[in-house]
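A.B. asks: If you scroll down you'll find the structure; I have some questions about it.
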Amino acid sequence: MKLVLDTNIYSDYAEGLADVVEAIVQYGQDLFIPSIVLGELTYGFLKGNRQVYNERKLHQIINRLKIGIIPVDADVARKYGFIFLALQKKGTKIPINDVWIAACCMTVGGILLTRDRHFEQVDQIETMILTS
């Protein structure tokens, strides 16, 4: 199964949270991370006091798990427009970065692994929502 990792899932995996590690091991034959998630992580790293450590750990995890990075390209941008319009028509708002993350997920045909329930409002993707 193709799993696309949301920002909160990467963070939880990096901390070794058992439910996330188990889900990735059990379901993640092919793993992807949207470039938008990398941007959110970088922002967090820059705000913290362990930037170099966190960046090194991110690259190690990406390499160890062979995680593919989903770039924002014309195909992702088109899917973003489609998803954003569909959400608007439903009168539903989710964080704008999450619309981009959903578009990345739609592009690779993966299942988004997340803790954010608002992704359930995005009809164009499948989600696997972990609860604490």
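The values are calculated or read from the model by the stated rules, or taken from the named source; none is laboratory data. Model, not experiment: these values are computed from the prediction. Cβ sites come from the backbone with ideal geometry, for glycine too, and all protein chains shown count toward neighbours.
A.B. asks: Is there a residue being surrounded by 13 or more Cβ atoms within 10 Å (Cβ to Cβ), of a type in the set (Phe, Trp, Tyr), more than 15 Å from ALA102 (Cβ to Cβ) and modelled with pLDDT of 95 or more anywhere in segment 44-53?
C.D. replies: yes
A.B. asks: Only one of (1) exposed (fewer than 14 other Cβ atoms within 10 Å of the Cβ); (2) over 21 Å from GLU126 (Cα atoms) is not met by ILE69, so which one is it?
C.D. replies: Answer for ILE69: the failing condition is (2).
A.B. asks: Just give me the residues in segment 100-129 being of a type in the set (Phe, Trp, Tyr) and touching a Cys at 6+ places or on another chain (Cβ under 7 Å), in sequence order.
C.D. replies: none
A.B. asks: Sticking with this one: Go through ILE125, ILE83, ILE96 for me and flag whichever is buried (at least 18 other Cβ atoms within 10 Å of the Cβ), under 14 Å from the mean Cα position of the chain (by Cα) and over 20 Å from ASP12 (Cα atoms).
C.D. replies: ILE125
A.B. asks: May I pose another question? Regarding segment 100-116, can at least one residue be identified that is without any contact (Cβ under 8 Å) to a residue 60 or more places away in the chain, surrounded by 15 or more Cβ atoms within 10 Å (Cβ to Cβ) and among the aromatic types (Phe, Trp, Tyr)?
C.D. replies: no
A.B. asks: Somewhere in segment 44-60, is a residue of a type in the set (Asp, Glu) and under 11 Å from the mean Cα position of the chain (by Cα)? Before the answer, list the steps.
C.D. replies: Of the residues in segment 44-60, the ones of a type in the set (Asp, Glu) are 55.
Restricting the remaining residues to those that are under 11 Å from the mean Cα position of the chain (by Cα) gives none.
No, segment 44-60 contains no residue that is of a type in the set (Asp, Glu) and under 11 Å from the mean Cα position of the chain (by Cα).
A.B. asks: What number of residues in segment 1-58 are hydrophobic (A, V, I, L, M, F, W, C) and either free of Cβ contacts under 8 Å to residues at least 60 places away in the same chain or more than 21 Å from ILE125 (Cα to Cα) (or both)?
C.D. replies: Result for segment 1-58: 13.
A.B. asks: Determine, yes or no, whether LEU5 is touching a Pro at 6+ places or on another chain (Cβ under 9 Å) and under 18 Å from MET128 (Cα atoms).
C.D. replies: Yes.
A.B. asks: Taking ALA102 as the residue in question, decide whether it is more than 20 Å from ILE24 (Cβ to Cβ) and small (Gly, Ala, Ser). Walk me through how you get there before you give the answer.
C.D. replies: Values: more than 20 Å from ILE24 (Cβ to Cβ): no; small (Gly, Ala, Ser): yes.
Judged against the criteria, ALA102 is not a match.
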